[in-house]
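The values are calculated or read from the model by the stated rules, or taken from the named source; none is laboratory data. From a predicted model like this one, the values you see are computed outputs, not experimental measurements. Every residue, glycine as well, gets a Cβ built from its backbone with ideal geometry; the counts of neighbours run over all protein chains shown.
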Amino acid sequence: MWCIFAKTICDLDYCMILLLIKAVIILVVFGITLGVATYSTWAERKVSAYMQDRIGPMRAGWAGLLQPLADAGKMFFKEEFIPASANKWLFIAGPCLAMLAACMTSAVIPFGGEMELFGEKFLIQAVDINIGILYVFAVVALGVYGVMIGGWASNNKFSLLGAIRAASQNISYELAMGLSIIAVIMLTGSLSLNVIVDRQVQPLFGIGGMNWNVFYQPLGFIIFLTCAFAECNRTPFDLPECETELIGGYHTEYSSMKLGFYLFAEYINMFISSLVMATLYFGGYAYPFMDVVAGALGQNIAALLGFGLFIGKGLFGVFFFMWVRWTLPRFRYDQLMNLGWKSLFPLAIANVVLTGILILLFQ
Amino acid sequence: MAVQLFYFLSALAVLSALMVVFSRNPVHSVLYLILMFFCLTGHYILLNAQFLAIVNIIVYAGAIMVLFLFVIMFLNLKTDAEKGQPPLMKFIAVISGGLLLVVMVSILSKVSNMEAKKEGFDSQIGLVENLGKVLYKDYLLPFELASILFLAAMVGAVMLGKREAGERHF
């Protein structure tokens, strides 16, 4: 369909090759996202075990590497239970929406620089839209619906409390997150994730690919990081599923793969938010001496190396999420709200004003 | 292709807007309203207004509707709460709805020229760079006035929600 439409504009061969390349990129990106999320469940246990001086899963496969498959098997074969008083359709829709929102974000993230294959130049990115960062922000804003609808449809007081906590937490932290992104946008002058990374590919003090935004936006990065923890419902901000107060929070009534989807969506969100953080603050696919590598080994090798390092940055982000989870205790709910509204929000506004002043002074 | 998409989105938008009114359960109404906002976003994308489309999702579907859902979940309305309306209420509702219909019909019957103006139309106007320039150059005063209006509303909301000295709500 798309090709017939595009035939008038371009040659069919050109179109087919580009379409095939894009299809492969989309499949690879999706596969990596799901694969990383799957093995995050294994890594979480290993990291927690390491921090508590245990060895973690060891039985299924070498060093427990088949544990995620065993988990998936268990999830699929468990009894599918829907409470009698639950709203059946919304109860099913909750985990579906959580998964949908989690899987949508990776579409706009630039995974790598420009490559050239079969005479076609292309970016390692599924779609390049000129409002990429707003798209990410919109999908993040939609992520809370899965939790809210699931929690309400369970018809359980603890689930409802979890859902309400999730809603107020997400709304509160979205503001500070948006403001910290605005400072990055002011630096770059574009909403496109590609342009944001392009700026960071430039040399800093003569080192190519080192012009990372984190050197210009340290405060903004810390605000964004804190908000990312809150948006992913991770400890120390996992109040919606706080088991000491709410049993299981919004997923108290869930069992089998529907519970699995909620947990899986959380791991996808962690990986994606690490990737977004890497894109916004840690240069995306840029790495030190990028131009030297490109000159010595060719543009394709340099781009693939950047792709690998970008995934590596994302994996380190996931590790950081786990590190914090097994280090810090959970906040109290009023502390969470005070931190969001009385500390992060004014700090984020101050950051925007400061960035504006500095841009005016140094331009 | 675009025309079929337009009709599909319009039909879905009208259908979900009707379902907002006809649903017995207020939570279902809110969910249909969210679906309606998504249809409107689709229309904006068809008009090449990407910025407006995404901001519509962020602000309406992502924030305002979450708060709607939040409040309705707190109220815990029963599905059959609205059955016992007195007849007078129904009568008044029918009259006011009918008056609105009369106004709409009279306005729509005056509309003769349904053609869009093609000359001087720039298909790139909806992109964020152009929109920003138009807002901050040509329409700066209305834009700033609107922001002052928002500020006043926000201050008012904070004043209303503020706890009085010595008062405890829990």
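Some points to look at:
- Test for A:Ala303: is it over 21 Å from the mean Cα position of the chain (by Cα), within 20 Å of A:Gly113 (Cβ to Cβ) and small (Gly, Ala, Ser): yes
- Residues in region A:28-58 that are assigned to a loop (DSSP other than H, G, I, E, B) and not aliphatic (A, V, I, L, M): 5 in all.
- When A:Glu245, A:Glu266 are screened for being among the acidic types (Asp, Glu) and closer than 23 Å to A:Ile181 by Cα, only A:Glu266 passes.
- Filtered by the rule that a residue be small (Gly, Ala, Ser), in a loop (DSSP other than H, G, I, E, B) and within 17 Å of A:Ala93 (Cβ to Cβ), region A:235-277 gives a lone residue, A:Ser255.
- Single residue of region A:105-121 satisfying the filter (of a type outside the set (S, T, N, Q) and crowded, with 17+ Cβ neighbours inside 10 Å) that is farthest from A:Gly295 (Cα to Cα): A:Ala107
- Unique match (being more than 18 Å from A:Val201 (Cβ to Cβ), without any contact (Cβ under 8 Å) to a residue 12 or more places away in the chain and hydrophobic (A, V, I, L, M, F, W, C)) among A:Ala138, A:Ala102, A:Ala107: A:Ala138
- Residue tally, condition of a type outside the set (A, V, I, L, M, F, W, C), under 20 Å from A:Ala166 (Cα atoms) and either surrounded by fewer than 14 Cβ atoms within 10 Å (Cβ to Cβ) or in contact with a Gly (Cβ under 8 Å, 6 or more places away or on another chain) (or both), over region A:316-363: 7
- Among the residues of region A:139-185, those that are of a type in the set (S, T, N, Q) and either away from chain B (no Cβ under 11 Å) or in a helix (DSSP H, G or I) (or both) comprise A:Ser154, A:Asn156, A:Ser159, A:Ser168, A:Gln169, A:Asn170, A:Ser172, A:Ser180.
- Hey, B:Phe51 at pLDDT 85 or above, crowded, with 17+ Cβ neighbours inside 10 Å and out of contact with any strand residue (DSSP E or B) (no Cβ under 6 Å at 6 or more places or on another chain) or not: yes
- Filter result for B:Val158 (modelled with pLDDT of 85 or more, assigned to a helix (DSSP H, G or I) and within 14 Å of chain A (Cβ to nearest Cβ)): yes
- Region A:206-222, residues that are more than 19 Å from A:Lys313 (Cβ to Cβ) and either touching a residue at least 24 places away in the same chain (Cβ under 8 Å) or in contact with a Gly (Cβ under 7 Å, 6 or more places away or on another chain) (or both): A:Leu219
- Residues being within 18 Å of A:Thr327 (Cα to Cα) and free of Cβ contacts under 8 Å to residues at least 24 places away in the same chain - total across region A:18-73: 8
- In the set A:Leu309, A:Leu280, A:Leu328, A:Leu305, only one residue is assigned to a helix (DSSP H, G or I) and in contact (Cβ under 8 Å) with a residue 40 or more places away in the chain; that residue is A:Leu280.
- Tallying residues that are closer than 30 Å to A:Tyr254 by Cα and either at pLDDT 85 or above or within 14 Å of chain B (Cβ to nearest Cβ) (or both) within region A:104-134 yields 3.
- Residue within region A:186-205 that is within 14 Å of chain B (Cβ to nearest Cβ), in a helix (DSSP H, G or I), touching a Cys at 6+ places or on another chain (Cβ under 8 Å) and in contact (Cβ under 8 Å) with a residue 40 or more places away in the chain present: no
- Each residue in region A:281-302 was checked for being surrounded by fewer than 23 Cβ atoms within 10 Å (Cβ to Cβ), closer than 21 Å to A:Val28 by Cα and touching a strand residue (DSSP E or B) at 6+ places or on another chain (Cβ under 7 Å), and 2 pass.
- Hey, B:Tyr32 among the hydroxyl-bearing types (Ser, Thr, Tyr) and touching a residue at least 60 places away in the same chain (Cβ under 8 Å) or not: no
- Sole exception among (1) within 13 Å of chain B (Cβ to nearest Cβ); (2) modelled with pLDDT of 85 or more; (3) more than 22 Å from B:Asn56 (Cβ to Cβ) for A:Ala86, by number: (2)
- Failed condition for A:Ile92, given (1) part of a helix (DSSP H, G or I); (2) touching a Leu at 6+ places or on another chain (Cβ under 9 Å): (2)
- Pairs with Cβ under 6 Å, 6+ apart, first in region B:136-152 and under 21 Å from B:Ile125 (Cβ atoms), second of a type outside the set (Val, Ile, Thr) and assigned to a helix (DSSP H, G or I): B:Phe143/B:Leu135
- When A:Gly298, A:Gly284, A:Gly317 are screened for being touching a helix residue (DSSP H, G or I) at 6+ places or on another chain (Cβ under 9 Å) and on the phi > 0 side of the Ramachandran plot, only A:Gly284 passes.
- For region B:1-93, the helices (runs of 4 or more DSSP H) that sit wholly inside it and include 1 or more residues that are facing another protein chain (nearest Cβ under 9 Å), within 26 Å of A:Ser168 (Cα to Cα) and of a type in the set (Gly, Ala, Ser) are B:50-56.
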